[in-house]
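I have placed the structure first, in the form of structure tokens, so that the comments after it can refer back to it.
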Amino acid sequence: MIKKFGLTFGGLQQKILNLVLVFILAIMAVVVAVSVYLSNTLTKVVDKSSEDQKSAITRISGETMSKILDSTMTQTTSMQAFIADNIFSEVRGNVMGLKEYAEYLYTHPDEYQDKPVYDPKPENDGKTSVQLQHEAAVNPADDPHLGLAANMSELMLAMYENSKVLNSCFIATVDGNIIFVDDRAGANFDADGKLQTFEVRQRPWYTGAKDTGDLYFTGIELDAFTNIPGLVCSAPVYADGKLVAVVGADIFLYQISEFINNSAKDNGFECIVNQNGEIIFSPQKEGTFKASLSDQATDLRSGENKELGELITKSLQESTGIKTVTVDNKTYYLCGEPMKTVSWAVITAVDKELTDQPTKALINSFETINTQAQDDYHNSAGKSQQTILVMTVIILVLASVVALIVAGKIVKPVECMTKRIDEISGTDLAFELDDSYHTGDEIEVLAQAFATLSKRTINYIDQITRITAEKERIGAELSLATKIQADMLPNLFPAFPERPEFDIYATMTPAKEVGGDFYDFFLIDNNHLGLVMADVSGKGVPAALFMMMSKILVNNYAQMGGSPARVLELTNAQICKNNDEEMFVTVWFGVLDITSGIVTAANAGHEFPILRKADGSFELFKDKHGFVIGGMDGMKYRDYQFKLEKGGTLFLYTDGVAEATNSQNQLFGTDRMLAALNTDPQAPPKVLLENMKKAVDEFVGDAPQFDDLTMLSVKLL
Amino acid sequence: MNIQKTVKGTALTISISGRIDTTTAPALEQELKSSLDGCTELTFDFAEVAYISSAGLRVLLSAQKTMNKQGSMKLKNANSSIMDIFEVTGFTEILTIE
């Protein structure tokens, strides 16, 4: 675990955080996946329905438009045809009226007087007047019928005044004169004010009427003087089967166009086709539908556009109904209606694009709205994705923080616990179960376990402390006891500095704190030295107590002056009185006659003494043994005697010396003892004991000392 | 130290191997305390005993005193060094040694 910024990485906290993050990411992934799927589906549905709606709008709108067009165009066309036909039938009626009147004139010349007729007068310009014109080579005075024809003046004036469509009306004689009524007298003069003439009988209306012998409509022609395009309706006048004159009326195109254009709509126009399939009227300024002068006009019926040709051919006969025809790369709804009077036809053309415009406008506006809606949708979808993203980030951050806090709360007791446990040392062992551990989960159980363990540890340590204190106390007492024991044994050397006759030295090295061995030496009287070497069975305090008792008893009885055997018997009897523990002590007790060197001794189960003659080496003195003291009541012991020569040495010891054991479990043994003593047999007692101790230590090595090492040596000097 | 007991009726044979010293003697004493009830014939087999200290002698003495009251006790197969100890300590005088 690594700790940084107060967070623990790799710990429980991070694991909990990881768990929460994984969980949230999984949920987020599902949410995002679902929302993306929904969004995509919705987008598809929206797009599809938009397309469906568009095509539905196009279809319905087109159908509706086409229905409306069908009825309105047919009606309009037929109405326009009627109106146009009306105009021409009026003109025709006028011309027929002129023809009838003229024929009557010519067939009844006697009923009329010649009337004068005058050249145009410039001052009459703008006023309606009767004027005379003639071909350049004609002299009006030579015309015999001019005066008769002038009788038409009144009728023509009246006709011109009453008509809204007539531009002029006239009568031309076969001699090349023409009498006409209009308000453009000035037009007959050139820039120099000279009266102009024109070739009357070469005009199309004249030749047409003359050639067909019937009412004749010219194509679009330019006016002789004004060059204004227009057409003329003319009719031949016969008298007695002979052509005598041609009457007619002028219609300027602008007048028709005024008339027809008024009925023209923004999204369409009308044109008039004459019997030759030529367009004679059209508001179009160019293209196929343009009206042309007759010499430039083409017959659309046999033109390149077959569909148009068929429609025009049909329109001259009957109502065509609505047809869709492409002309000049533009698609039109066309509708033709014949004009009965003049055998022409009115063609109504509506630009399909224009009629489709509302649909397009509708679709455009729909698309605008739709695009707007889609954009809005996509924007809001994008925003909602952004929102989801932002929400995800916010939730992740919040969840992380919350997870960290929660994990921290979960982990904190554990950390507190760890910290507290780390701190536990020395005397500060208490693990308090404070509130932060009451989490109600495993942590509380763990904390309780720690608290219990802590209490037990404290109790255990208390106990150990008590035991240790007790042990220390016992140890202190034992060491005190050891001191007391050591103090009890005579341990001040030289022990008898005032007695030059002998040298004595003794040591006791207990195996435990207090031992069961003891030695003792004391002057019974001036010439007798008591020597005691004893070994209590067992070790430790009981042995030490038993040893104290034994030592005092032996000492006391010895001071009373009995033989050694008697001293031991008394001691045995005394010890056996209260010896429920069945402890016993081996005792060698001897009394040295300092003067003679005779030793009287008794042995209660103790080791053989070792003796050296004045000039010899140390040897075991195998004496007679009695039973140990304290083992059996009423035991008898026997005294025996041997002589310690001057310069000789007596060595007494306990089994601790003979039975010292090395690590190979070998006993030191009496042979090694003798060898050790004999390395320097003449040595004073102190050196002898030191040599022995050294030899034993070397032999034992690292092996533990089982038994007390107790030695006593006395040398007669 | 190892102790092996063989019971034949009221006769008990205790075979000991190893050292009988201050540290092992209490175990032998404990063993005897629990075994001697009703025993009339106690035999110690010392064939495998290498050493006996005064603490061990005390246990033998105690056993001898107990058996004096309820039957007999004998000791056999002690080696020479053990016999030396018995002789030195005077135990040969109170023990029945075969």
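Every number here is computed from the coordinates shown, using simple stated rules; none is lab data. Worth saying up front: this structure is predicted, and the values here are computed from it rather than measured. Virtual Cβ from ideal backbone geometry, glycine too; neighbours counted across all protein chains shown.
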query: Which order results if A:I369, A:I171 are arranged by neighbouring Cβ count within 10 Å, fewest first?
result: A:I369, A:I171
query: What order do you get for A:S163, A:S315 when you list them from fewest to most C-beta neighbours inside 10 Å?
result: A:S163, A:S315
- line: The distance between the Cα centres of segment B:1-77 and segment A:560-590, in whole Å, is 25 Å
- request: Name the shape class, rounded, prolate or oblate, that the alpha-carbon gyration tensor gives for segment A:9-411, where a ≥ b ≥ c are the square roots of its eigenvalues, rounded holds for a/c under 1.5, and otherwise prolate holds if a/b is larger than b/c and oblate otherwise.
  value: prolate
- prompt: Can you give me the relative contact order of segment A:592-659 as a percent, contacts being Cα pairs under 8 Å and 6 or more apart?
  reply: 41 percent
Length gained when the stretch A:K15-A:A141 is fully extended (0.36 nm per residue, less Cα-Cα span): 32.1 nm
- line: Simple SL model, points at 7 angstrom along Cα→Cβ for A:N527 and A:T465; separation in nm is 6.8 nm
- line: Scoring only Lys, Arg, Asp and Glu (+1, +1, -1, -1) among other residues with Cβ under 10 Å from the Cβ of A:K323 yields -1
- line: For chain B, the Kirkwood Rh over every pair of distinct alpha carbons, in Å, works out to 13.2 Å
statement: Assertion target for A:T457, A:T679, ordered by fewest C-beta neighbours within 10 angstrom first, is A:T679, A:T457
field: Approximate spin-label separation A:K285-A:N691, in nm, with each point projected 7 Å along Cα-to-Cβ
entry: 16.2 nm
Distance violations [Cα-Cα > 24 Å] among A:K99/A:K290; A:K483/A:K539; B:K5/B:K65; A:K164/A:K352; A:K67/A:K330: A:K99/A:K290; A:K164/A:K352
- request: Set the Förster radius R0 to 51 Å, insert the Cβ-Cβ distance between A:Y640 and A:Q705 as r into 1/(1 + (r/R0)^6), and round the FRET efficiency to 0.05.
  value: 0.95
message: With n ≥ 4 as the cut-off for DSSP H runs, can you work out [θ] at 222 nm for chain A, using -39500 (n - 2.57) per run divided by the number of residues, rounded to the nearest 500?
response: -16000 deg cm²/dmol
message: Could you compute the net charge surrounding A:V181? Neighbours are other residues with a C-beta less than 12 Å from the C-beta of A:V181; K and R count +1, D and E count -1.
response: -3
- prompt: On full extension of the chain, what length is gained from A:L243 through A:E698, given 0.36 nm per residue of separation minus the C-alpha to C-alpha distance?
  reply: 145.1 nm
task: Compute the long axis of helix B:80-89 from its Cα atoms, compare it with the longest principal axis of the Cα atoms of chain B, and write down the angle in degrees, 0 to 90, nearest 10.
output: 90 degrees
- prompt: Among the lysines, which fall within straight-line cross-link reach of A:K44, defined as a Cα-Cα distance under 25 Å, with same-chain neighbours fewer than 8 residues apart omitted?
  reply: A:K54, A:K360, A:K383
query: Could you give the angle, 0 to 90 degrees to the nearest 10, between helix A:153-162's Cα long axis and the longest principal axis of the Cα atoms of chain A?
result: 20 degrees
message: Give the lysines whose C-alpha is closer than 23 Å to that of A:K646, dropping any in the same chain fewer than 8 places away, or say none.
response: A:K613, A:K622, A:K686, A:K715
query: Under a straight-distance cross-link criterion of Cα-Cα below 21 Å, which lysines are reachable from A:K15, leaving out those fewer than 8 residues away in the same chain?
result: A:K3, A:K4, A:K409, A:K412, A:K419
field: Test item: B:44-57 mean partner chain Cβ contacts at 10 Å
entry: 4
Span from the segment A:609-627 Cα centroid across to the segment A:381-418 one, whole angstrom: 98 Å
statement: Given a Förster distance of 56 Å, the FRET efficiency implied by the Cβ-Cβ spacing of A:V32 and A:L354, rounded to the nearest 0.05, works out to 0.65
